[in-house]
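Heads up, the thing below is written out as structure tokens.
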Amino acid sequence: MSMQEMIATAKALMADGHGILAMDESAGTCNRRFEALGIPPTYEMRRDYRELLLTTPGLGASISGAILCDETLMQSRADGSPMSDLATKGGILLGIKVDTGAKPMALHPGEAVTEGLDGLRQRLELYRSKGARFAKWRAVLSVDAVTPSRGCMAANALGLARYAGLCQEAGLLPMVEPEVLMDGGHSLQRCRWVTEMALHEVFSALYAQRVDLRAMLLKPNMVLPGAASAEQEGLQEVAEATLQCLLASVPAAVPGIAFLSGGQSPQLATARLKAINGHHQTKPPWRLTFSFSRALQEPVLALWGGKQASAGLAQVALLERAAANAAASMG
């Protein structure tokens, strides 16, 4: 894709009343979620579950893109047809997670840096040939009184920027995901400060790597108190903190921001997304929507339970969660 085609892809993904389904869990993560519900953690069950998601009738009315993992993009359905065809037939753009995960960072106890740059140029060519139109790379930052360190933020920002540059070279729209984790007891104000500093590092690195900001998407965390914090601010406080943080750190050239859910409950993630988009005192320059994983899939997986007879009910639940978040993205 040319730069103009990538810009058009960004606009398509950020279409009004639409968001992105993140179904890029690794085999290990998917298996752990299966085991917690008594579902056999096998290749065939992962295939059946992904097929259930992508064959949901009418999903494209609320979902503009789906992020897959390598296994899903290369996977075939039981009848031998490519799994990826299910998304494109439903009018959903294909994305692919390309990092290889967060690894312990040398000389930074308790901190991690995301890897996966080795061989990425060749993998991106393969993914594009398989129908991918955009890619995703996730960096994670843990929060306490002293972390994340400047070194950790800088290393992850550089990884995100180099990945984004390789994506644009290959004609794939990069989705840049710096996630400040909600684990821990930190305050809303601490999360805002860390998120703002991390985003400044990311955009400084993107500029240095000559990434065209018009042809990328940002997938950040909402600004939230830690899950173990005694003080849990309300919807309007979260909306205000999130918007002010983004306005202070994200250039207007970026076409869209798709929030991750980060372990929030499905209902709370939707309510916070609605509050952010309904905050009429602040008019942001970017489209604000969702790129949720667990907040979309949690009720779907529980209803399905590995049973084909429950597939229809599970698909209805997916449609309901997708539609609720699509509405929330419109305020």
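The values are calculated or read from the model by the stated rules, or taken from the named source; none is laboratory data. This structure is a prediction, so every number in the text was calculated from the model and none was measured. Cβ placement follows ideal geometry from the backbone for every residue including glycine, while neighbour counts extend to all protein chains displayed.
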Can you give me the number of residues within the stretch 281-308 that are among the small types (Gly, Ala, Ser) and in contact with a strand residue (DSSP E or B) (Cβ under 8 Å, 6 or more places away or on another chain)?
2
When both residues are 6+ apart or on different chains and their Cβ atoms are under 8 Å apart, which pairs have a first residue that lies in the stretch 181-206 and is under 17 Å from Leu247 (Cβ atoms) and of a type in the set (Phe, Trp, Tyr), and a second that is modelled with pLDDT of 95 or more and not in a helix (DSSP H, G or I)?
Phe203/Ser249; Phe203/Val250; Phe203/Pro251
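Can you tell me how many residues within the stretch 1-43 are part of a loop (DSSP other than H, G, I, E, B) and of a type in the set (S, T, N, Q)?
The total comes to 3.
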Check on Leu273, assigned to a helix (DSSP H, G or I), touching a Leu at 6+ places or on another chain (Cβ under 7 Å) and buried (at least 18 other Cβ atoms within 10 Å of the Cβ):
no
Condition check for Ala78: under 23 Å from Leu217 (Cβ atoms) and either part of a helix (DSSP H, G or I) or modelled with pLDDT under 95 (or both)
no
Out of Gly116, Gly159, which single residue is of a type outside the set (S, T, N, Q), assigned to a loop (DSSP other than H, G, I, E, B) and at pLDDT 95 or above?
Gly116
Select, from Leu301, Leu319, the only residue that is part of a helix (DSSP H, G or I), more than 16 Å from Gly19 (Cβ to Cβ), modelled with pLDDT of 95 or more and more than 18 Å from the chain's Cα centre (by Cα).
Leu301
Pairs returned, first residue in the stretch 59-76 that is under 16 Å from Ser293 (Cα atoms), second residue that is among the polar types (S, T, N, Q) and part of a loop (DSSP other than H, G, I, E, B), beta-carbon separation under 7 angstrom, 6 or more apart or interchain, are Cys69/Ser26
Could you tell me whether any residue of the stretch 25-41 is in contact with a His (Cβ under 7 Å, 6 or more places away or on another chain), crowded, with 16+ Cβ neighbours inside 10 Å, among the polar types (S, T, N, Q) and modelled with pLDDT of 95 or more?
no
Based on this model, can you work out whether Leu141 counts as aliphatic (A, V, I, L, M), closer than 20 Å to Leu217 by Cα and surrounded by fewer than 21 Cβ atoms within 10 Å (Cβ to Cβ)?
no
Being surrounded by fewer than 14 Cβ atoms within 10 Å (Cβ to Cβ), free of Cβ contacts under 8 Å to residues at least 60 places away in the same chain and either over 22 Å from Ala328 (Cβ atoms) or not small (Gly, Ala, Ser) (or both) is the requirement here; does Glu51 meet it?
no
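Have a look at Glu169, Glu115, Glu125 and point out the one that is in contact with a strand residue (DSSP E or B) (Cβ under 6 Å, 6 or more places away or on another chain), more than 25 Å from Thr242 (Cα to Cα) and of a type outside the set (S, T, N, Q).
Glu115
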For Val202: the one exception among (1) of a type outside the set (S, T, N, Q); (2) in a loop (DSSP other than H, G, I, E, B); (3) over 19 Å from Leu273 (Cα atoms)
(2)
Which pairs have Cβ atoms under 9 Å, sit 6 or more apart or on different chains, and link a residue in the stretch 78-93 that is under 21 Å from Thr42 (Cα atoms) to one that is of a type in the set (Ser, Thr, Tyr) and in a helix (DSSP H, G or I)?
Met83/Thr72; Ser84/Thr72
I'd like the full set of residues that are under 11 Å from Val176 (Cα atoms), touching a residue at least 60 places away in the same chain (Cβ under 8 Å) and part of a loop (DSSP other than H, G, I, E, B), limited to the stretch 207-229.
Met216, Lys219
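Using the structure shown, decide if Pro251 is assigned to a loop (DSSP other than H, G, I, E, B) and not hydroxyl-bearing (Ser, Thr, Tyr).
yes
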Give just the number: which of (1) of a type outside the set (Asp, Glu); (2) surrounded by fewer than 21 Cβ atoms within 10 Å (Cβ to Cβ); (3) assigned to a helix (DSSP H, G or I) does Gly331 not satisfy?
(3)
Considering the stretch 169-181 alone, what residues qualify as being surrounded by fewer than 22 Cβ atoms within 10 Å (Cβ to Cβ) and either polar (S, T, N, Q) or assigned to a loop (DSSP other than H, G, I, E, B) (or both)?
Gly171, Leu181
Residues of the stretch 139-166 satisfying the condition of being closer than 21 Å to Leu93 by Cα and in contact (Cβ under 8 Å) with a residue 60 or more places away in the chain:
Tyr163
